[in-house]
Amino acid sequence: FTTGLFSYKDQNGYLRLQIDNNSKRQSPLTSFTSNDEAKNHLHRLIEEFNLCQKLCGLYSTQSSCFQYSIKVCNGACIGKESPDEYNQRVSNAIERFEYVNKNFLVIDKGRNKSERSVVLVSNGKYIGFGYFEPEMTGDDIELIKDCVKPYADNRDVQTIIRGYLKRNQVERIITN
């Protein structure tokens, strides 16, 4: 997962999405295994949320983007659409990559009746998962965190966690 999707606000106040190499300095909204995969995903976001190809870095021009000429883009690329209107749609697109809370533990059923599973997310990043016996840890969050085995964070894991939380009623979520 070497390529990431990032967001920033430009000098005109427009929120912009940008594909770039992942680095330790910045956390991407999501990551991809290739530049092509990132571009394909960004094209889907542009279509779904009616975003500007130029402001998303996929159409290089000094004037309006191609989609503006065919009346698909609302003109943020040439200042015809206000930053507030455009940014709302970009924010809606970004929301799909973010959790409600940045730091939390998901506690749910374990492999048998006496244990529980735990998934740890810290600063919006998947840290890992594990299993614990409630009789041994009680509600001590630090003891529960000690049961977590670290695993790599990636787009697939993030998608699985978000999907699981949307589709399932978990035993509990501990925010910290």
Which one of these is among the acidic types (Asp, Glu), in contact with a Phe, Trp or Tyr (Cβ under 8 Å, 6 or more places away or on another chain) and over 18 Å from Glu98 (Cβ atoms): Asp20, Asp10?
Asp20
Among (1) more than 30 Å from Gln11 (Cβ to Cβ); (2) under 25 Å from the mean Cα position of the chain (by Cα); (3) open to solvent by 20 Å² or more (accessible area, probe 1.4 Å); (4) small (Gly, Ala, Ser), there is one condition Gly163 misses while meeting the rest; what is its number?
(3)
Here the residues within region 125-158 that are within 14 Å of Ile107 (Cβ to Cβ), in contact (Cβ under 8 Å) with a residue 24 or more places away in the chain and not in a helix (DSSP H, G or I) are Cys147, Val148
Give me a count of the residues in region 124-150 that are among the small types (Gly, Ala, Ser), more than 29 Å from Arg96 (Cβ to Cβ) and buried (at least 16 other Cβ atoms within 10 Å of the Cβ).
0
Applying the selection to region 77-110, what residues are open to solvent by 50 Å² or more (accessible area, probe 1.4 Å), closer than 15 Å to Leu45 by Cβ and not in a loop (DSSP other than H, G, I, E, B)?
Gln88, Asn92, Glu95
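I need the full set of residues from region 37-76 which are assigned to a helix (DSSP H, G or I), open to solvent by 60 Å² or more (accessible area, probe 1.4 Å) and touching a helix residue (DSSP H, G or I) at 6+ places or on another chain (Cβ under 7 Å), in order please.
Narrowing region 37-76 to residues assigned to a helix (DSSP H, G or I): 37-49, 66-69, 76.
Of the ones still in play, those that are also open to solvent by 60 Å² or more (accessible area, probe 1.4 Å) are 39-40, 43-44, 47-48, 66, 68-69.
Result: Tyr68, single match.
Does Arg116 qualify as being in contact (Cβ under 8 Å) with a residue 40 or more places away in the chain, open to solvent by 30 Å² or more (accessible area, probe 1.4 Å), touching a Leu at 6+ places or on another chain (Cβ under 9 Å) and under 30 Å from Asn176 (Cα atoms)? Explain how you work it out, then say what you get.
On the way: in contact (Cβ under 8 Å) with a residue 40 or more places away in the chain: yes; open to solvent by 30 Å² or more (accessible area, probe 1.4 Å): yes; touching a Leu at 6+ places or on another chain (Cβ under 9 Å): no; under 30 Å from Asn176 (Cα atoms): yes.
For Arg116, the condition - in contact (Cβ under 8 Å) with a residue 40 or more places away in the chain, open to solvent by 30 Å² or more (accessible area, probe 1.4 Å), touching a Leu at 6+ places or on another chain (Cβ under 9 Å) and under 30 Å from Asn176 (Cα atoms) - is not met.
Identify the residue in region 1-15 that is closer than 16 Å to Gln88 by Cα and in contact with a strand residue (DSSP E or B) (Cβ under 7 Å, 6 or more places away or on another chain) and, among all such residues, is least open to solvent (accessible area, probe 1.4 Å). Outline the logic, then answer.
Within region 1-15, the subset closer than 16 Å to Gln88 by Cα is 7-10, 12-15.
This time we only want the ones that are in contact with a strand residue (DSSP E or B) (Cβ under 7 Å, 6 or more places away or on another chain), so: 7-10, 15.
Numbers: Ser7: 45, Tyr8: 91, Lys9: 131, Asp10: 18, Leu15: 33 Å².
Within region 1-15, the match that is least open to solvent (accessible area, probe 1.4 Å) is Asp10.
The values are calculated or read from the model by the stated rules, or taken from the named source; none is laboratory data. Small disclaimer: the values here were computed from a predicted structure and weren't measured. Ideal geometry is used to build each Cβ from the backbone, glycine not excepted, and the neighbour counts take in all protein chains shown. Side chains are part of the model used for accessible areas, which takes the heavy atoms of the whole protein and leaves out ligands, DNA and RNA. Shrake-Rupley method; radii C 1.70, N 1.55, O 1.52, S 1.80 Å.
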